[in-house]
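A.B. asks: This is the structure I have questions about; it appears just below.
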Amino acid sequence: AQSVTQPDIHITVSEGASLELRCNYSYGATPYLFWYVQSPGQGLQLLLKYFSGDTLVQGIKGFEAEFKRSQSSFNLRKPSVHWSDAAEYFCAVGAKDDYKLSFGAGTTVTVRA
Amino acid sequence: NAGVTQTPKFRILKIGQSMTLQCTQDMNHNYMYWYRQDPGMGLKLIYYSVGAGITDKGEVPNGYNVSRSTTEDFPLRLELAAPSQTSVYFCATSAPHDMNTEAFFGQGTRLTVV
């Protein structure tokens, strides 16, 4: 069974600074990887996804993530955060023949002025 | 374009009461899921369905039941509410026949059992 670990429960970053959120997965085959964002009181919105091909994927809102098979990682990055990026971020893993997603515990991002 | 609609948005139940959380989608997706979200725990899969008439258990199915009589609807039933079922519940859908699939989420139902 697949699993996801997000090592950072909470990150505080200054507006305009860079952001990196860590995600490590466990899965025997080729994973499908996702990053979702959840604003307070809202559902989850997809930021980006990786299925195959280029290991650096671009998403919405200026986010990108890099798949590193050797490290079983799929870290999310943004070069310059905006106050509106304050939210909870979830990494998730699925597979070609098993579309049930497994989610990490989430990382809460606080943006200070 | 409604997507995935959950009702109600909020509910308070007394211990032992029952209720049904409704989920309906207009995306014509075969797969539907129910997750619960608890602080610091991420989302845990309760039940899922790969099509009308087919349901299966996820990680945390105890205390819940589901049915899938149509493609559009996937209600979640709590028969005897317990405080441990206080959570935020999310319904999601996906179309796994599409290589570029993703899960689409409803806005959630916040349930408190007292």
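A.B. asks: Can you tell me which residue within the stretch B:19-53, out of those that are among the hydrophobic types (A, V, I, L, M, F, W, C) and away from chain A (no Cβ under 13 Å), is nearest to the chain's Cα centre (by Cα)?
C.D. replies: The residue in question is B:LEU21.
A.B. asks: Please work out if A:LEU47 is part of a strand (DSSP E or B), among the hydrophobic types (A, V, I, L, M, F, W, C) and closer than 14 Å to A:SER72 by Cα.
C.D. replies: No; evaluated as a whole, the condition is false for this residue.
A.B. asks: It is to be established whether one or more residues within the stretch B:61-82 are facing chain A (nearest Cβ under 9 Å) and not charged (D, E, K, R). It would help to see each step written out before you state the result.
C.D. replies: First, pick out the residues of the stretch B:61-82 that are facing chain A (nearest Cβ under 9 Å): none.
No: zero hits.
A.B. asks: Filter the strands (runs of 3 or more DSSP E) completely within the stretch A:1-43 down to those with at least 2 residues that are hydroxyl-bearing (Ser, Thr, Tyr).
C.D. replies: In the stretch A:1-43, A:3-5, A:10-14, A:24-26, A:31-38 are the strands (runs of 3 or more DSSP E) which contain 2 or more residues that are hydroxyl-bearing (Ser, Thr, Tyr).
A.B. asks: Going through the stretch A:39-49 one residue at a time, which ones are surrounded by 21 or more Cβ atoms within 10 Å (Cβ to Cβ) and either more than 8 Å from chain B (Cβ to nearest Cβ) or among the charged types (D, E, K, R) (or both)? Working first, answer last.
C.D. replies: Taking the stretch A:39-49 as the starting set, the residues that turn out to be surrounded by 21 or more Cβ atoms within 10 Å (Cβ to Cβ) are A:44, A:47.
Of everything in the stretch A:39-49, just one residue is surrounded by 21 or more Cβ atoms within 10 Å (Cβ to Cβ) and either more than 8 Å from chain B (Cβ to nearest Cβ) or among the charged types (D, E, K, R) (or both), namely A:LEU47.
A.B. asks: Next question, about the same structure. Checking A:PRO7 against (1) over 14 Å from the mean Cα position of the chain (by Cα); (2) at pLDDT 95 or above: exactly one of these is not met. Which one?
C.D. replies: (1)
A.B. asks: Which ranges mark the strands (runs of 3 or more DSSP E) fully within the stretch A:56-113 that have 1 or more residues being of a type outside the set (A, V, I, L, M), away from chain B (no Cβ under 14 Å) and in contact (Cβ under 8 Å) with a residue 60 or more places away in the chain?
C.D. replies: Counting at least 1 such residues, we get A:73-78, A:107-112.
A.B. asks: For the stretch A:78-99, what are the residues that are loosely packed, with under 15 Cβ neighbours inside 10 Å and not acidic (Asp, Glu)? Give the steps one after another, and end with the answer.
C.D. replies: Looking only at the stretch A:78-99, we keep the residues that are loosely packed, with under 15 Cβ neighbours inside 10 Å, and these are A:79-80, A:82-84, A:96-97.
If the condition is that a residue be loosely packed, with under 15 Cβ neighbours inside 10 Å and not acidic (Asp, Glu), then A:PRO79, A:SER80, A:HIS82, A:TRP83, A:SER84, A:LYS96 are the ones that fit.
A.B. asks: While we're here: Report, by residue number, each residue of the stretch A:32-64 that is more than 17 Å from A:VAL13 (Cβ to Cβ) and among the aliphatic types (A, V, I, L, M).
C.D. replies: A:LEU33, A:LEU44, A:LEU46, A:LEU48, A:LEU56, A:VAL57, A:ILE60
A.B. asks: Which one of these is within 17 Å of A:THR110 (Cα to Cα) and in contact with a strand residue (DSSP E or B) (Cβ under 8 Å, 6 or more places away or on another chain): A:LYS68, A:LYS78?
C.D. replies: Testing whether each residue is within 17 Å of A:THR110 (Cα to Cα) and in contact with a strand residue (DSSP E or B) (Cβ under 8 Å, 6 or more places away or on another chain) leaves just A:LYS78.
The values are calculated or read from the model by the stated rules, or taken from the named source; none is laboratory data. Please read all numbers here as calculations on a predicted model, not as lab measurements. FYI the Cβ positions are ideal-geometry reconstructions off the backbone, even for glycines, and counts take in every protein chain you see.
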